[in-house]
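The values are calculated or read from the model by the stated rules, or taken from the named source; none is laboratory data. Given the structure is predicted, the values throughout are model-derived calculations rather than measurements. Heads up, the Cβs are rebuilt from the backbone with ideal geometry, glycines too, and the neighbour counts pull from every protein chain shown.
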Amino acid sequence: MDGTFDILCNHARYNRKEMDVVVPNATYITILRKPEDQLESAFGYFEMYKGMNITADKNPFKTFMNDPMKYYKDHKYRSWQVSRNGQLFALGFDHANDDNEAEILATIAQIDHDFDIVMLTEYYDESLILLKRLLCWDFEDILYFSAGIRSDSHKMAKDKDLIDKARKWNHGDVLLYEHFTKVFWSKVVEYGPSFGKDLQEFRNLNKAAFDACISLNQTDKKDRREFRLVLKNKTDRCERIFRADIGYTKLIRQSMLQRYKASKQYSAKV
């Protein structure tokens, strides 16, 4: 690490004014997921049901969706901010406007203006092809492994009725997702006829990297909420592709600490 950075890629709530100070003239990228899936995932991962005191229920997510305001109004559970229109919230939306459709639509229009690309989790490979072209990257730059996979113990079953309730509760996120789904596919069309060929080439390269780096017989289950893949080949390339946000955060902190110590030593000598 040479002491400079080119990208902020981590959990960060969107604030254009503050982010422009950190990375001026940046390209802005985000990713969305089907609202009902994102809500259920956050509900299980952050164990919101514990703060709601519904852990013993057969399906706590269903209990929550049967009367969401009963639990939401007091904000007594972990990460309540992402339990309603959480994706809009992450993009700077104020929860005070959750029922204000005009404000929701205005926020979506602003996001459309501000962001260079909005990726979709359900079409992750396709999203990376669009990202590659936008940033003038190579295939090597977009290789990835799905390092963390949520454990079954933290997944909640969803039938059609539950999905409908989740979408109604997350109406703002539904409008957000539907808008950018249309934008996404318009960008695929704009990409041109080589999109399918590039997508297949990328998938072939990604599978080859997976086969070269990942052990098929091992998983890391240290975190009860998810199981993680395990490297069988600890080359720099494999570790770079495998390293997740927390790993990169640690590297950056170490680099900052080393530079800070070096500057203190230099100041002492001067």
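Every listed requirement among (1) modelled with pLDDT of 85 or more; (2) of a type outside the set (A, V, I, L, M); (3) farther than 30 Å from L130 by Cβ is met by K221 save one, (1). Test E47 against the stated conditions and say whether it is out of contact with any Phe, Trp or Tyr (no Cβ under 8 Å at 6 or more places or on another chain), touching a residue at least 60 places away in the same chain (Cβ under 8 Å) and among the charged types (D, E, K, R). Here the answer is yes, as E47 does meet what is asked. Taken together, the residues in region 65-92 that are more than 21 Å from the chain's Cα centre (by Cα) and in a helix (DSSP H, G or I) amount to 7.
Among the residues of region 65-82 satisfying the criterion of being modelled with pLDDT of 95 or more and in contact with a helix residue (DSSP H, G or I) (Cβ under 6 Å, 6 or more places away or on another chain), which is farthest from A157 (Cα to Cα)? Within region 65-82, the match that is farthest from A157 (Cα to Cα) is Q81. A single entry from T55, T30 fulfils the requirement of being of a type in the set (S, T, N, Q), outside any helix (DSSP H, G or I) and free of Cβ contacts under 8 Å to residues at least 24 places away in the same chain: T55. Of the residues that make up region 107-129, is at least one buried (at least 16 other Cβ atoms within 10 Å of the Cβ), among the acidic types (D, E), out of contact with any Lys or Arg (no Cβ under 6 Å at 6 or more places or on another chain) and over 16 Å from P35 (Cβ atoms)? Checked region 107-129: at least one residue is buried (at least 16 other Cβ atoms within 10 Å of the Cβ), among the acidic types (D, E), out of contact with any Lys or Arg (no Cβ under 6 Å at 6 or more places or on another chain) and over 16 Å from P35 (Cβ atoms).
Being over 24 Å from A244 (Cα atoms), surrounded by 11 or more Cβ atoms within 10 Å (Cβ to Cβ) and modelled with pLDDT of 95 or more is a condition met by at least one residue of region 12-19.
Restricting to region 130-145, give me the number of residues that are within 16 Å of F184 (Cβ to Cβ) and surrounded by fewer than 18 Cβ atoms within 10 Å (Cβ to Cβ).
The first filter runs over region 130-145 and keeps only residues within 16 Å of F184 (Cβ to Cβ), leaving 130-134.
Now drop any that are not surrounded by fewer than 18 Cβ atoms within 10 Å (Cβ to Cβ), which leaves 132-134.
So the answer is 3.
When K62 is tested against (1) under 21 Å from K158 (Cα atoms); (2) within 15 Å of the chain's Cα centre (by Cα); (3) touching a residue at least 40 places away in the same chain (Cβ under 8 Å), exactly one condition is not met: (2). Being touching a strand residue (DSSP E or B) at 6+ places or on another chain (Cβ under 8 Å), surrounded by 13 or more Cβ atoms within 10 Å (Cβ to Cβ) and either within 22 Å of Y14 (Cβ to Cβ) or modelled with pLDDT under 95 (or both), is that true of even one residue in region 157-170? No; the residues of region 157-170 include none that is touching a strand residue (DSSP E or B) at 6+ places or on another chain (Cβ under 8 Å), surrounded by 13 or more Cβ atoms within 10 Å (Cβ to Cβ) and either within 22 Å of Y14 (Cβ to Cβ) or modelled with pLDDT under 95 (or both).
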